[in-house]
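Here the structure comes first, spelled out in structure tokens, and everything after it is commentary.
The values are calculated or read from the model by the stated rules, or taken from the named source; none is laboratory data. The model shown is predicted, which means the values in this text are computed figures rather than measured ones. Here the Cβ positions follow ideal geometry from the backbone for every residue, glycine too, while neighbour counts run over all protein chains shown.
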Amino acid sequence: MLNQQCAILTVIDSYIQPLLIHVLSTDKLGVCCKTIEIDSMSSSCGKVQGDRFKLSIPYAKQNLTWNVLFDSQCPEMGPDFIFNDNTFLADMDVDALSAKVPSLAKWNPNDENALLNVLRELLSCYKQHQVQLLQKQARLQLEYNMLMNSGEVNTEDVEVILLPSSSKPTEARFLISLSVDVSQLEIRTCKSESDIAMLLVTFSGTDWSRITPQLYFSKSLEESLSGTGELHLPHFPSDTYLLRYIPKVKKYIAGKVNSVVQSLKRRRDYIAACSFIHHKCLLEYDSINCKYVTFLVCVDDFFACVHIRFPFGFPQEPPLVELRSIYHLTQRTAYSERLKYPYDVSWSPKFMVERLCQTIYSYLQTFKFNSIKNCSGNQS
């Protein structure tokens, strides 16, 4: 994201630039796994380089728009702020604000983390503001207080917001960072962020009785769980509470993680069986993710490649098996056929491969005939 906003950074006043770089390069400010974005650069004194801008700050799956107003003529002074929520800090006196946002009250222009620290403190204030609004709604107050007193989640792992902010709220959102054990997942393709599961629960309707749960994963975890199928969260009855629902979601995620682990183990065992049965004819296989394996078969001096690719649903779904001729081309690609064969998820990987090989060898003469027939016009 920082690279995408370099054009904006080049037109900002030089004393603000290091402050912004630290803000925009921060991977995670609150619960959300999103970075802060910058927009609408302008100048307070007509200079080419700007000292005023908008920041889009992720919070509770919303984007808070905060205008940050520096003064290039007084670089030693901290910024002013304009918030898109008019109720936020509306009645707070100077002493209370100084206590809650000390990094702004004691602004240090030489500290490159100064702006980031102010944003963290302001975001904490905004969360406290939303919790206070929440306490005015009996159902929401009960949900939040039960959650905070349970020890199931930490205070910093929960963000709440009532929408819209400018009138009587009709929607309340709880964004909760869930502690889940993903240590069994061996393959990590994204190392830049921690593995995070976030539960977003939206309350709406009369007495906040309409409840919609949604589950989000950090990028690294989403990639790891991408092969486990669509998300079907447990039902959230209107007469239950978040405190009782969260363990069900954690159990659901644990099941997803276990599916990934078991699928990898079965794929690895399947490839090992192929290697054992065709150890002299093994051409290639995926040694990391175990997603495919290719080996050579022969009957009556006719050779063909067997390419096996594992679907996301393996072992519940059978591997995709393709026979490829090493002699014949059609439209400049090797002639191939998708093979149908007996399969049962309860079989051992070794028996799966043995039954597959029986089908391959019984069909190989037919495949030879088909490849010659379909590609005879392409032979030189």
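In segment 254-265, what count of residues is obtained for those that are buried (at least 17 other Cβ atoms within 10 Å of the Cβ) and touching a residue at least 60 places away in the same chain (Cβ under 8 Å)?
3
Would you pick out the residues in segment 195-253 that are of a type in the set (A, V, I, L, M), in contact (Cβ under 8 Å) with a residue 60 or more places away in the chain and in a strand (DSSP E or B)?
Correct list: Met198, Leu200.
Would you check if there is a residue in segment 341-354 being in contact with a Cys (Cβ under 7 Å, 6 or more places away or on another chain), at pLDDT 95 or above and not basic (Lys, Arg)?
The answer is yes, given that some residue of segment 341-354 is in contact with a Cys (Cβ under 7 Å, 6 or more places away or on another chain), at pLDDT 95 or above and not basic (Lys, Arg).
Does Lys106 fit the bill of being farther than 21 Å from Tyr241 by Cα, free of Cβ contacts under 8 Å to residues at least 40 places away in the same chain and either over 26 Å from the mean Cα position of the chain (by Cα) or not assigned by the TED database to the domain that holds Thr26 (or both)?
Taking the combined requirement at face value, the residue satisfies it.
Which ranges mark the strands (runs of 3 or more DSSP E) fully within segment 266-325 that have 2 or more residues being at pLDDT 95 or above and crowded, with 20+ Cβ neighbours inside 10 Å?
292-299, 302-309
Is it the case that Ser98 is in the same structural domain as Thr202 (by the TED database), modelled with pLDDT under 95 and out of contact with any Gly (no Cβ under 7 Å at 6 or more places or on another chain)?
no
Looking for something basic (Lys, Arg) and under 37 Å from the mean Cα position of the chain (by Cα) - is there at least one such residue anywhere in segment 339-354?
The answer is yes; a qualifying residue exists.
Residues checked against (1) under 30 Å from Ser177 (Cα atoms); (2) of a type in the set (Lys, Arg):
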residue	(1), (2)
His22	yes, no
Lys28	yes, yes
Asn63	yes, no
Val94	no, no
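Residues that are more than 20 Å from Gly205 (Cβ to Cβ) and touching a Cys at 6+ places or on another chain (Cβ under 6 Å): which helices (runs of 4 or more DSSP H) entirely in segment 93-171 hold 2 or more of them?
Because the criterion is at least 2 residues that are more than 20 Å from Gly205 (Cβ to Cβ) and touching a Cys at 6+ places or on another chain (Cβ under 6 Å), no helices (runs of 4 or more DSSP H) in segment 93-171 meet it.
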